[in-house]
Amino acid sequence: SKAPMRVAVTGAAGQIGYSLLFRIASGEMLGKDQPVILQLLDLPQAQKAVQGVMMELDDCAFPLLAGMVATDDPNVAFKDADVCLLVGARPRGPGMERADLLTANGAIFTVQGKAIAENAKEDVKVLVVGNPCNTNAYIARSAAIKVGRTNPNNYHGMLRLDHNRALTQLAQKSGRPVSSLKQLVVWGNHSPSMYADYRFVTSNGDNVKGLINDAAWNNDVFLPTVGKRGAAIIDARGLSSAASAANAAIDHVRDWHLGSSEWVTMGIPAPADNGYGIPEGLVFGLPCECKNGTFTLIKGLEIDEYSKGKIAITLKELEDERAAVASML
Ligand code: NAX
């Protein structure tokens, strides 16, 4: 049988953690034949709650769960990690300005990026879920680059929830099954500014934009619905998205590790010469293909005037976030 892979999860006592850990331990992320060791990081005051989650993980008797560690020390949590899921983050408190939120998280993600680079496997795959996830990933990556050792391309932010949200809206509007939809891209920041671009989407060879054939729907319904979905969930549930966020994290890492036959949206550090005008290193939702444990940017997609405008808006937001944390890096 295979040697266990080490998966570090931060914010393990939180609500996303509660949806995520059981699915990782059951093999849904890294494969049904891949044993895993969970390395759980949370704050000191959350350690008792982490113990409770570990008791429940024990009580599932997962055949693939080869071990568990709970800690409040990033150096312990990230030791020899193959995958790091950075879920824990500083939430926005009452009266907290956006700039305060960025710097509070900057402090967390500089420490964690450094600890990953010093402790994890050299080819570690890192996915940041905790918001603002693109900029948090950018910060962790910047801290990791100072250490060296790990692959700077492997520090991602999670756009997959936006991607999955958009897929279902398209399926419901077009009447086609979600499984038939290919070639969706969500550009930019995980925020209401993201641009879900369905110009290339096909279903069994048919262009879905043609099937929908409703010029106003994109601007008036589709983009606002996807962009404000997080707020709609909070309004309905009284809590932010958790199971769907955990599901998206599983999808992102599973496709990255095991490959995907479809395009996927990943928040990746923009490569040099990406062709879409994104500054190198900015963590940006981009179309990717995954094969043999690696991802590659899909280049050369045509960007029309409308899309250029939409991409410019979300790019501007990310450049402003980067400027707000620049002094910390
Ligand atoms: P919870 O508040 O339920 O849990 C967060 C956990 O993180 C807590 O247990 C807390 O003690 C821990 N934590 C805080 N700071 C930490 C640190 N420095 N090191 C380790 N652990 C730390 O939040 P939850 O609902 O689980 O959401 C977690 C994060 O995901 C939030 O930042 C949230 O905004 C973000 N989300 C991101 C999404 C995405 O698509 N990228 C969607 C869902 C979600 O909103």
A144 away from the ligand (no atom under 14 Å from the Cβ), buried (at least 24 other Cβ atoms within 10 Å of the Cβ), in a helix (DSSP H, G or I) and of a type in the set (A, V, I, L, M): yes
Flag for L20 being near the ligand (Cβ under 10 Å from one of its atoms), open to solvent by less than 10 Å² (accessible area, probe 1.4 Å) and outside any helix (DSSP H, G or I): no
Restricting segment 23-60 to residues that are of a type in the set (S, T, N, Q) and either within 22 Å of the chain's Cα centre (by Cα) or open to solvent by 50 Å² or more (accessible area, probe 1.4 Å) (or both), the residue that is nearest to the ligand (Cβ to nearest atom): Q45
Search result, residues across segment 242-274 that are among the basic types (K, R) and within 19 Å of A144 (Cβ to Cβ): none
Matching residues, segment 106-133, being free of Cβ contacts under 8 Å to residues at least 40 places away in the same chain and near the ligand (Cβ under 8 Å from one of its atoms): I108, V111
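Here is a yes/no grid of residues against (1) away from the ligand (no atom under 14 Å from the Cβ); (2) open to solvent by less than 40 Å² (accessible area, probe 1.4 Å); (3) at pLDDT 95 or above:
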position: Y195; (1), (2), (3): yes, yes, yes
position: Y198; (1), (2), (3): yes, yes, yes
position: V253; (1), (2), (3): no, yes, yes
position: S261; (1), (2), (3): yes, no, no
position: Y276; (1), (2), (3): yes, yes, yes
position: P279; (1), (2), (3): yes, yes, yes
position: L282; (1), (2), (3): yes, yes, yes
Test result for H190, touching a Cys at 6+ places or on another chain (Cβ under 7 Å), open to solvent by less than 50 Å² (accessible area, probe 1.4 Å) and not in a helix (DSSP H, G or I): yes
Conditions (1) surrounded by 20 or more Cβ atoms within 10 Å (Cβ to Cβ); (2) more than 16 Å from the ligand (Cβ to nearest atom); (3) in a loop (DSSP other than H, G, I, E, B); number of the one not met by S1: (1)
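Here's the yes/no breakdown for (1) surrounded by fewer than 19 Cβ atoms within 10 Å (Cβ to Cβ); (2) in a helix (DSSP H, G or I); (3) touching a helix residue (DSSP H, G or I) at 6+ places or on another chain (Cβ under 6 Å):
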position: A272; (1), (2), (3): yes, no, no
position: G285; (1), (2), (3): no, no, no
position: E289; (1), (2), (3): yes, no, no
position: K299; (1), (2), (3): yes, no, no
position: S307; (1), (2), (3): yes, yes, no
position: T314; (1), (2), (3): no, yes, no
A89 within 16 Å of V129 (Cβ to Cβ), buried (at least 21 other Cβ atoms within 10 Å of the Cβ) and away from the ligand (no atom under 11 Å from the Cβ): no
Residue in segment 123-133 that is farther than 14 Å from E321 by Cβ and surrounded by fewer than 24 Cβ atoms within 10 Å (Cβ to Cβ) present: yes
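The values are calculated or read from the model by the stated rules, or taken from the named source; none is laboratory data. Just so it is clear, the model here is predicted, and its values are computed rather than measured. FYI the Cβ positions are ideal-geometry reconstructions off the backbone, even for glycines, and counts take in every protein chain you see. Surface accessibility is based on the protein's heavy atoms, side chains included, excluding ligands, DNA and RNA. Shrake-Rupley method; radii C 1.70, N 1.55, O 1.52, S 1.80 Å.
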